[in-house]
Amino acid sequence: MTKLWSPIQVGRMTLSHRLAMSPMTRSRALPDGTPGALSPLYYAQRASLGLLISEGTQPSADGQGYLLTPGIYTESHIAGFKRITDRVHDAGGHLVIQLMHVGRVSHPDNTPHHRQALAPSAIAPGIGMFTASGMQDIPVPRAMTSEDVLATIEQFRVAAAAAIQAGADGVEIHGANGYLIHQFFAENANVRRDSYGGSPENRARFGIEVAQAVAKEIGADRTGFRISPGSPAAGLNEGPNGPEVYRVLIRELARLNLAYLHVLHRGNEEFLQEIRSLWPNVLLVNRAGRPLEKLTMDLDAGIADIVPVGTWALANPDLVRRLKEGAPLNAPDPETFYGGGARGYTDYPTLAELASKR
Ligand SMILES: Cc1cc2nc3c(=O)[nH]c(=O)nc-3n(C[C@H](O)[C@H](O)[C@H](O)COP(=O)(O)O)c2cc1C
């Protein structure tokens, strides 16, 4: 018997099942970072997934990389997210805002202040980025000073407070996918000689200090953390010390008693087992691209407590009902993942809508 439909407590949230929506950037915010007019509907449509983790949201102007991603650092951002959380709560769901600082994965054309991006070290990721004038190479970032490091941690803290003010049930700190916190972990993006570079303890320090500041501000029981061990996203190579950085990090996050750890898992099964043994609280495992018949394998094996889904949730607002009934799923349309309007955003039909059209 699968655990999929059994309830679970995650920090302050009581969830009725073990599915969740994975964070997904949809690039439909207004140019000033206020969530777009359709966002409340998009999230509310998916409320039966229980725990919705928002699209990556910048805690500051420096934190933005992509065009039209939302922020959570102005009054207008807070008001925009309040419209989302109100609709999600009315529909019975929970919303956690993912705090995503992209670090070096940014282009000055895409940020409000057009300044050079900040990163652990002055090393470009070696990839391109879509800007208003098309694809461009990402330029070399500026290495963060000690003051920048402290100021950035402070931005995470203030953004977490803003998320709560906007009615969010918590925040997820984005430490995955090649963005700022992950850059600190990785050998080829962090060549610092201060207490934030070098040893595994030092590489993990920035992520830990962000988690400490956020947990102190809003409560560890409203704080989650996402990692993607071994991921080469955005030009990263963690190097041979990668696993040790995660051991240090996870032990400290456990000491902080964060509500959950979220692993974007890409295949190192042994290390996933080790993470499970190191992490005492709720563990979310998002197995990228897993086939439907394997959805519950990590739950049933006792590795995961919750299995977030990305593209299936994007394309199936009533995914919970469809899985319960064994109904076929809508196919996601990658053409409309990023940017645009309602098409591919709020117009994926539910089973009920499909039936009424017949
Ligand atoms: C359109 C799209 C946008 C994404 N944006 C984010 C993001 O903002 N933050 C993040 O941590 N992961 C992001 N991801 C990764 C997803 O959360 C998830 O890990 C990935 O899609 C694999 O899971 P799936 O096979 O269930 O879709 C994104 C994925 C997609 C498809």
Report task. Test each condition in (1) touching a residue at least 60 places away in the same chain (Cβ under 8 Å); (2) touching a His at 6+ places or on another chain (Cβ under 8 Å); (3) of a type in the set (A, V, I, L, M, F, W, C) for Val88 and report the one that comes out false. Result -> (1)
Report summary line: For the range 286-320, the count of residues that are surrounded by fewer than 20 Cβ atoms within 10 Å (Cβ to Cβ) and within 12 Å of the ligand (Cβ to nearest atom) equals 10
Report task. Hey, can you tell me all the residues within the range 1-40 that are more than 14 Å from the ligand (Cβ to nearest atom) and outside any loop (DSSP other than H, G, I, E, B)? Result -> Ile8, Gln9, Val10, Met13, Thr14, Leu15, Pro40
Query - Number of positions in the range 180-194 that are surrounded by 24 or more Cβ atoms within 10 Å (Cβ to Cβ) and either closer than 23 Å to Glu217 by Cα or free of Cβ contacts under 8 Å to residues at least 40 places away in the same chain (or both) - result: 4
Query raised in the report: Got a sec? Which of Leu272, Leu264, Leu256, Leu283 is in contact (Cβ under 8 Å) with a residue 40 or more places away in the chain and either within 16 Å of the ligand (Cβ to nearest atom) or small (Gly, Ala, Ser) (or both)?
Result: Leu264
Query raised in the report: Does Ser48 fit the bill of being under 30 Å from Ser6 (Cβ atoms), of a type in the set (Ser, Thr, Tyr) and over 18 Å from the mean Cα position of the chain (by Cα)?
Result: yes
Query raised in the report: Out of all the residues in the range 232-243, is one or more more than 14 Å from the ligand (Cβ to nearest atom) and part of a strand (DSSP E or B)?
Result: no
Report summary line: Among strands (runs of 3 or more DSSP E) entirely within the range 80-156, at least 1 residues that are surrounded by fewer than 21 Cβ atoms within 10 Å (Cβ to Cβ) and over 23 Å from the mean Cα position of the chain (by Cα) occur in 134-137
Report summary line: In the range 157-185, residues that are closer than 26 Å to Ala233 by Cα and either of a type in the set (Gly, Ala, Ser) or in a loop (DSSP other than H, G, I, E, B) (or both) total 8
Requested in this report: Go through the range 16-51 and give me each residue that's polar (S, T, N, Q) and within 22 Å of Leu284 (Cβ to Cβ).
Outcome: Ser16, Ser22, Thr25, Gln45, Ser48
Requested in this report: Note down all Cβ pairs under 7 Å where the first residue falls in the range 336-358 and is closer than 12 Å to Arg322 by Cβ, the second is not in a helix (DSSP H, G or I), and they're at least six residues apart or on different chains.
Outcome: Tyr348/Asn316; Tyr348/Pro317; Tyr348/Asn330; Pro349/Asn330; Thr350/Pro317; Thr350/Asp318; Leu351/Asp318; Leu351/Ala327
Query raised in the report: What is the number of the single condition among (1) part of a loop (DSSP other than H, G, I, E, B); (2) within 13 Å of the ligand (Cβ to nearest atom); (3) more than 20 Å from Leu118 (Cα to Cα) that Gly65 does not meet?
Result: (3)
Query raised in the report: Would you say Pro35 is surrounded by 23 or more Cβ atoms within 10 Å (Cβ to Cβ), modelled with pLDDT of 95 or more and within 13 Å of Leu180 (Cα to Cα)?
Result: no
Query raised in the report: Is it true that some residue in the range 188-201 is part of a helix (DSSP H, G or I), more than 16 Å from the ligand (Cβ to nearest atom) and more than 17 Å from the chain's Cα centre (by Cα)?
Result: yes
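The values are calculated or read from the model by the stated rules, or taken from the named source; none is laboratory data. Only a predicted model underlies this, so the values are computations on that prediction, with no experimental measurement involved. Every residue, glycine among them, receives a Cβ derived from its backbone with ideal geometry; neighbour counts consider all protein chains shown.
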